[in-house]
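The values are calculated or read from the model by the stated rules, or taken from the named source; none is laboratory data. Small disclaimer: the values here were computed from a predicted structure and weren't measured. So basically every Cβ, Gly included, is an ideal-geometry build from the backbone, and we count neighbours across all protein chains shown. We work out accessible area using only protein heavy atoms, side chains counted, and drop any ligands, DNA or RNA first. Shrake-Rupley method; radii C 1.70, N 1.55, O 1.52, S 1.80 Å.
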Amino acid sequence: MRSLRTTVWFLWIAMDSSMLSALHMDRMMEEVEAWRQDPRAFMASRRGAGHLLPPAVDQQVFVLIIEGFLIFNYRPLNELMNRRYFLQIPYKTCKQRRSSRVYTPPDPQGYFDRHVWPMYLKNRQEMEEMVEDLVLLDGLSERDELLSSVLRDVTADIEALRQR
């Protein structure tokens with residue numbers, strides 16, 4: 001009897017904007033659907049990702065990670081997710097991190113307080129009303145601690161898939 005080997009591949013799709021209407025959600029959904037149909041072909045077709053793929057083995061598990069704080073506000077995308085995590089940070093930390101980034105063009109004076117934070121609060125309220133199984137993570141925790149927590153959950157899901 002041959003032993004089954006499982007290879008897990010992660011692919012990140014990132015979103016960034018403060019308003020859902022500013023995002024190209026139709027394009028995002030096309031990307032996700034292409035990945036769902038054939039993760040191996042999807043990765044092979046992406047510049048720089050194809051060389052990461054090993055030869056096919058008996059059993060492979062592909063994990064798609066989609067990040068961005070508005071991903072849960074778009075119901076069609078949200079409904080495809082098995083796990084949902086949200087990193088929370090307080091206002092002061094968020095403002096400090098935002099101000100340390102370089103934007104082109106730069107944010108106008110007061111933009112964070114007038115636009116970014118109010119939109120965050122609005123979108124977060126909508127997200128919390130839409131998503132039932134959201135895991136809230138403390139964004140002030142150590143990165144390794146956060147990653148270990150998520151990895152435990154994902155590993156458990158992969159093991160459950162193997163048992164089917």
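General remarks:
- Only residues that are among the hydrophobic types (A, V, I, L, M, F, W, C) and in a strand (DSSP E or B) were counted across segment 117-138, and they come to 3.
- Filter result for PHE72 (touching a Pro at 6+ places or on another chain (Cβ under 9 Å), of a type in the set (Phe, Trp, Tyr) and open to solvent by less than 50 Å² (accessible area, probe 1.4 Å)): no
- Checking SER141 against (1) modelled with pLDDT of 95 or more; (2) under 18 Å from PHE69 (Cβ atoms); (3) in a helix (DSSP H, G or I), the condition it does not meet: (3)
- Per-region count, segment 98-108, residues closer than 16 Å to PRO118 by Cα and charged (D, E, K, R): 2
- Of the residues in segment 107-116, at least one is touching a Pro at 6+ places or on another chain (Cβ under 9 Å), assigned to a helix (DSSP H, G or I) and open to solvent by 50 Å² or more (accessible area, probe 1.4 Å).
- Of all the numbered requirements in (1) surrounded by fewer than 16 Cβ atoms within 10 Å (Cβ to Cβ); (2) at pLDDT 90 or above, GLY48 misses one, and that requirement is (2).
- Within segment 122-164, the residues that satisfy the criterion of being open to solvent by 50 Å² or more (accessible area, probe 1.4 Å) and of a type in the set (Val, Ile, Thr) are VAL135, THR155.
- Scan of segment 58-106 for residues that are modelled with pLDDT under 85, in a strand (DSSP E or B) and not aliphatic (A, V, I, L, M), ordered by number: GLN59, GLN60, PHE62, GLU67
- The residues in segment 75-104 that are surrounded by 15 or more Cβ atoms within 10 Å (Cβ to Cβ), in contact (Cβ under 8 Å) with a residue 24 or more places away in the chain and either out of contact with any helix residue (DSSP H, G or I) (no Cβ under 8 Å at 6 or more places or on another chain) or among the charged types (D, E, K, R) (or both) can be counted, and the count is 1.
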